[in-house]
Amino acid sequence: MDTAKLILNGEEYEFPVVVGTEDEVGIDMTTLRSRTGAISLDPAYGNTGSCLSTITFVDGEKGILRYRGYRIEQVAESATFVEVCFLLIYGHLPTQQELETFHNDLTCHSLIHESLKNFFDGFPPPAHPMMVMSAMVASLSAFYTGTGDADEGDLNIIRLLAKAKTLAAFSYKKSIGQPFIYPQNDLSYTQNLLHMMFAVPAEPYEVSPVLDRALNLLLILHADHEQNCSTSTVRMVGSSQANLFAVVSAGISALWGPLHGGANQKVIEMLELIRDDGGNFEKYVDLAKDKSSPFRLMGFGHRVYKNFDPRATILKESADEVLAELGMDDPLLEIARRLEEVALEDSFFVERKLYPNVDFYSGIIYRAMGIPTGMFTVMFALGRLPGWIAQWKEMMEDPHVRISRPRQIYMGETERSFVPLELREAEGRERPEPVGV
Ligand code: SDX
């Protein structure tokens, strides 16, 4: 299988076929237009590969997710989030020395410029934390202009990884009117994030090992996922050679959408709606099936997984453990379980292979950790940060990388002569619907 044949207007064309290390098959269409004059058309890119990548592999049919070849189940069980950051970005599991150096770098770059703190005062109180994160991450480029050369690039990777958690914690503190808590150099990455979010000046704060383990797990499970919407945004914006901070800011904005990372917030809001409606699961399952209704079961379905999402399986088990270890009981977890049962017995969901995805159970754990719903997608962004960085770095190191510029098929008016306003008025031409302001 080394070529694919296309017959167009009676002409036969052959295109090379690329076969990946997991036997995925791609037809190389890079010469399609120059040879045939035609383009491929694939809105939402469901059938289109944008790149060759060595970072993450997902098999949606088999429910497999691997980071640099390591199964997510093993990584989630045995790694720390900082190890996963190193693995995704630099391509191998770190040695003890590499890990210590990496950890120290992340620790020493955790502070943000004091002037940057003032930016938080400019946001109105109801500003969504994802909006704040996107703006603040982009603003880092005002302080680290960067010459774009190699070691500046590596230093900006460290700066972004280290400062993003501080920006997230500060945006949370700002949203609840509490003073910022500065990072502490004796804490790990996740301990520091919990400390900056939940410590208060007046009292000592001890980071709970249960919360620290749960946070490590949540960040690891979100760390990368091939060419999803926000990662494709990062590659697209990065291909113009915009700086890393601007690139990741764009990724944060893409992740915010309720069909993508914003779903974890919508799942909890949906479960609360069902709870407040007397736990009437069937009503909402029926609503999700009703084409005339915009309602969807948030946290269900996936473009790639047509079987279970391995991350959802891990989170479903972890939700039980975390709540039990915290001695908590959350009625929303029971509602989530019942909703999953009812949906997976319904042919509508079974036929469409709609299963719980990573967002379905994550919010239950965030809630148990005391993280407010509005911060859920920010936590997703912190987890996805190493993935975005790794994918951006892989693209920028590709000697053949070009600016991304898709084509289109034009379906509008063919050429016509312009009619000046006075003529249009004089002829009382039929007026198109006035364009709303
Ligand atoms: C993430 O790509 C990634 O890797 C993303 C992610 C990552 O790690 O980066 O995994 C993270 O974004 C997970 C997805 C979070 N989003 C949600 O939970 C929102 C709810 N889910 C959907 O909106 C939907 O399932 C998507 C957006 C996730 C996938 O959309 P697709 O692939 O475009 O599928 P579709 O909308 O074409 O749906 C196919 C059919 C349709 O019905 P029919 O037209 O065939 O009759 O399934 C139905 C849809 O109406 N459907 C749903 C549904 N999801 C799909 N019906 C009810 N509830 C749902 N959740």
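I want the local charge near VAL267. Using Cβ-Cβ distances under 12 Å, sum +1 for each Lys or Arg and -1 for each Asp or Glu among the other residues.
Working: positive: LYS266, ARG296, ARG367; negative: GLU269, GLU272, GLU340, ASP359.
Charge balance in the 12 Å sphere: -1.
Of the cross-linked pairs LYS165/LYS393; LYS117/LYS393; LYS5/LYS306, which ones have a Cα-Cα span greater than 25 Å in the structure shown?
LYS117/LYS393; LYS5/LYS306
Out of the range 386-420, which GluC sites (Glu not before Pro) are coil in DSSP terms and have no more than 11 other C-beta atoms within 10 Å?
Loop-located and lightly packed - GLU397, GLU413, GLU415.
Dividing the Cα radius of gyration by the Kirkwood radius, what Rg/Rh value follows for the range 3-59?
1.00
Pulled fully out, how much extra length does the chain show between LYS62 and MET411, if you take 0.36 nm times their separation in residues and subtract their Cα-Cα distance?
Once the chain is fully extended between LYS62 and MET411, it gains 121.7 nm.
What 222 nm value per residue comes from the helices of the chain, counting each DSSP H run with n ≥ 4 as -39,500 (n - 2.57) and dividing by all residues, nearest 500 deg cm²/dmol?
Result for the chain, helices only: -15500 deg cm²/dmol.
Using the beta-carbon distance between VAL419 and ARG33 and R0 = 41 Å, what value does 1/(1 + (r/R0)^6) give for FRET efficiency, to the nearest 0.05?
0.75
Which helices, counted as full DSSP H runs in the chain, have an axial Cα extent of no less than 24 Å and a Kyte-Doolittle average of 1.0 or above?
Span-like helices in the chain: none at all.
For the chain, take every pair of Cα atoms, bin their distances at 10 Å starting from 0, and report each bin as a whole percent.
Here the calculated profile for the chain is 4, 19, 27, 24, 16, 7, 3, 1, 0.
Residue separation times 0.36 nm, minus the C-alpha to C-alpha distance between GLU317 and GLN74: what's the value?
Extra length available between GLU317 and GLN74 comes to 86.0 nm.
Taking just the alpha carbons, could you work out the radius of gyration and Dmax for the range 263-368, both in angstroms?
That works out to 13.2, 43 Å for Rg and Dmax.
Give the average over all directions of the projected area of the C-alpha convex hull of the range 226-273, one decimal, in nm².
Value for the range 226-273: 3.5 nm².
Can you give the percent of C-alpha pairs in the range 343-403 whose distance is more than 14 Å? Let's see the in-between values first.
Numbers: 1295 of 1830 pairs.
Summing the P(r) of the range 343-403 above 14 Å gives 71 percent of all pairs.
Hey, which lysines would be in cross-link range of LYS283, C-alpha to C-alpha under 17 Å, not counting anything within fewer than 8 residues on its own chain?
Filter leaves LYS291.
Label the range 192-306 by shape, choosing from rounded, prolate and oblate, from the square roots a ≥ b ≥ c of the eigenvalues of the Cα gyration tensor; if a/c is under 1.5 it is rounded, and otherwise prolate applies when a/b is larger than b/c, oblate when it is not.
oblate
Just to confirm a number: summing +1 for Lys and Arg and -1 for Asp and Glu over residues other than ALA76 whose beta-carbon lies under 11 angstrom from that of ALA76, what do you get?
Numbers: positive: ARG71, ARG213, ARG311; negative: GLU73, GLU77, GLU317.
My count for the surroundings of ALA76 gives 0.
Are there GluC sites (Glu not before Pro) in the range 32-98 that DSSP puts in a loop and that have at most 16 other Cβ atoms within 10 Å, and which ones? All intermediate terms of the calculation are to be shown ahead of the outcome.
Values: sites: GLU61, GLU73, GLU77, GLU83, GLU98; in loops: GLU61.
In loop regions of the range 32-98 (DSSP not H, G, I, E or B), the sparsely surrounded GluC sites (Glu not before Pro) are GLU61.
Bear in mind these aren't lab numbers, they're just calculated from the coordinates by the rules spelled out. In this text the structure is predicted, and so the values were computed from the model without any measurement. Counting neighbours? That spans all protein chains shown, and the Cβs are built from the backbone with ideal geometry, glycine included.
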